[in-house]
Amino acid sequence: MIPARYSASRFPGKLMKNLAGKSVILRTYQATVATNLFDEVYVVTDSDTIFNEITSNGGKAIMSKKEHESGSDRIAEAVADLDADIVVNVQGDEPFTERESLEKVLEVFKGDHNKEIDLASLMVEIHDWEEISNPNTVKVIVDQNNFALYFSRSPIPFPRDKEAGARYFKHKGIYAFRKQALLDFYELPMQFIEATEKIECIRYLEYGKRIKMVETSIEGVEIDTPEDLERAKKLWK
């Protein structure tokens, strides 16, 4: 499932911007289909423009029935009546989505026979302090078993001791959910920490869900700003 809304506070209409001859959302959809990992791939949107962009190019799209605060809410509505155990969320601004990283996320559930993991997601180590301190880059810290402790737009951990050997990880916008965890999320009200940071996966932590993070070295470009789009165009070449 690829949640896609037309409006975006930082970069309005970004999903319909041109990336090497195709829209960002169409690039993301086609890249996800090309992994050959999924029975079905859908774009879930509240926008007629995005719906028509996908369906007119031979893709599958679902129109949201309600207004939603987050991509998880949008997907939960779409999958409520679908026969599925694991649902994967690929953000619409991830045109460099590739098979290797998605396989790593799905692999988490194969050994989880007791169903102790509610969702899995990706993180990539970052070293540039400008990116670490950039609020558009969501950071994550994990425990010794790579379960998420917290997500933030601030640098975490704060480097009071710069010689302590802290590592910094960027959260990549790909999730794999147990369907029930997703449906639970849909029914749970947003709390002030999620509302403050504007990071939806904080809601899962606040209500005791377990998020297994998987490290990857493949970064790509998430398109949050016009500058990101220019970087993506250069990388695409």
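The values are calculated or read from the model by the stated rules, or taken from the named source; none is laboratory data. The structure displayed is predicted, hence computed values, not measured ones. Note that each Cβ is placed from the backbone with ideal geometry, even for glycine, and that neighbours are counted across all protein chains shown.
Of everything in region 148-200 that is touching a helix residue (DSSP H, G or I) at 6+ places or on another chain (Cβ under 6 Å) and free of Cβ contacts under 8 Å to residues at least 40 places away in the same chain, the residue that is nearest to residue 130 (Cα to Cα) is 155. Scanning region 1-51 for residues being touching a Leu at 6+ places or on another chain (Cβ under 9 Å), of a type in the set (A, V, I, L, M) and part of a loop (DSSP other than H, G, I, E, B) gives a total of 2. Only residues that are surrounded by fewer than 17 Cβ atoms within 10 Å (Cβ to Cβ) and over 18 Å from residue 186 (Cβ atoms) were counted across region 73-120, and they come to 13. Could you check how many residues of region 210-233 are assigned to a helix (DSSP H, G or I) and either under 22 Å from residue 125 (Cα atoms) or in the same structural domain as residue 109 (by TED's automatic domain parsing) (or both)? Total satisfying the criteria: 5. Total residues in region 160-182 satisfying the condition of being assigned to a strand (DSSP E or B) and not small (Gly, Ala, Ser): the figure is 9. Please verify whether region 144-158 includes one or more residues that are in contact with a Phe, Trp or Tyr (Cβ under 8 Å, 6 or more places away or on another chain), surrounded by fewer than 19 Cβ atoms within 10 Å (Cβ to Cβ) and assigned to a loop (DSSP other than H, G, I, E, B). Yes - at least one qualifying residue is present in region 144-158. Contact annotation: residue pairs with Cβ atoms under 6 Å, 6 or more positions apart or on different chains, pairing a residue in region 115-139 that is over 17 Å from residue 220 (Cα atoms) with a partner that is among the small types (Gly, Ala, Ser), are 118/181; 119/181; 120/176.
Can we say residue 127 is in the same structural domain as residue 206 (by TED's automatic domain parsing) and crowded, with 17+ Cβ neighbours inside 10 Å?
Numbers: in the same structural domain as residue 206 (by TED's automatic domain parsing): yes; crowded, with 17+ Cβ neighbours inside 10 Å: no.
Considered against the rule, which asks whether it is in the same structural domain as residue 206 (by TED's automatic domain parsing) and crowded, with 17+ Cβ neighbours inside 10 Å, residue 127 comes out as no.
Taken over region 52-72, the criterion of being in a helix (DSSP H, G or I) and surrounded by 20 or more Cβ atoms within 10 Å (Cβ to Cβ) is satisfied by 53, 54, 71, 72. Sub-9 Å Cβ pairs linking a first residue in region 48-65 that is in the same structural domain as residue 30 (by TED's automatic domain parsing) to a second residue that is exposed (fewer than 12 other Cβ atoms within 10 Å of the Cβ) and assigned to a loop (DSSP other than H, G, I, E, B), at least 6 apart or interchain, are 60/40, ordered by first then second residue.
Name every residue in region 35-47 that is out of contact with any Pro (no Cβ under 9 Å at 6 or more places or on another chain) and free of Cβ contacts under 8 Å to residues at least 60 places away in the same chain, in order of residue number.
First, the residues of region 35-47 that are out of contact with any Pro (no Cβ under 9 Å at 6 or more places or on another chain): 35-42, 46-47.
Within region 35-47, 38, 39, 40, 41, 42, 46, 47 meet the criteria.
Taken over region 183-209, residues that are part of a loop (DSSP other than H, G, I, E, B), under 16 Å from the mean Cα position of the chain (by Cα) and charged (D, E, K, R) amount to 2. Please find, among 19, 106, 26, the residue that is under 17 Å from residue 1 (Cβ atoms) and touching a residue at least 60 places away in the same chain (Cβ under 8 Å). Being under 17 Å from residue 1 (Cβ atoms) and touching a residue at least 60 places away in the same chain (Cβ under 8 Å) holds for just one of 19, 106, 26, which is 106.
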